[in-house]
Amino acid sequence: MQEDDKEASESQPEPEGQPSSGSEAGESQPEPEGQPPPATPIPPATPIPLPPTQRQKRWQYLLGLALGLIPLIVFLVGYGVALGTTGGALNAIGASLIGVILYIVELIVTIVFIARKDVLFAGYGLLTAFLATPIVVVIGCSVLPNLIHPS
């Protein structure tokens with residue numbers, strides 16, 4: 001008899017407005033016409049980062065300046081070592097080439113850093129070193145031979 005009751009209840013449509021199973025019982029009922037839908041919670045806003053302090057700006061600038069002087073140091077040390085060894089002209093060309101490659105890399109990094117707001121002052125330090133490097137190289141190339149081979 002129970003099987004007959006189950007088959008009878010499965011074949012008969014259930015009345016509307018009543019959930020037929022437990023999975024449908026959790027669904028929300030349609031809202032009446034006069035009431036507004038419940039408000040959805042507003043997601044929290046992302047905090048706005050504070051501008052860098054004077055100390056942070058100074059630190060970034062000095063860091064960029066120090067990193068920007070790396071091609072200059074590589075060039076001058078390589079040039080000085082090349083002048084002190086035999087076959088100096090060939091070694092000087094090799095040291096110059098490494099310095100020029102690092103100088104081009106510095107230009108690219110400077111552009112990227114100046115384009116980003118969070119490391120802008122590091123970009124300014126790199127730019128300062130980038131602009132000062134040719135002047136220091138010219139002075140260094142005229143002074144180093146006199147230091148290594150004094151007349």
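Between the range 33-104 and the range 121-146, the C-alpha centres lie 16 angstrom from each other.
Descending by average beta-carbon neighbour count within 10 Å, the peptides 47-56, 106-115 line up as 106-115, 47-56, the highest first. In the range 97-151 the Cα-Cα distances spread across 5 Å bins starting at 0 as 4, 18, 20, 18, 14, 10, 7, 5, 3, 1, 0 percent of all pairs.
In the calculated pair-distance distribution of the range 57-151, the portion above 17 angstrom amounts to 52 percent of the Cα-Cα pairs.
Bear in mind that the values in this text are calculations on the coordinates, not laboratory data. These numbers come from a predicted model, not from an experiment. Note that each Cβ is placed from the backbone with ideal geometry, even for glycine, and that neighbours are counted across all protein chains shown.
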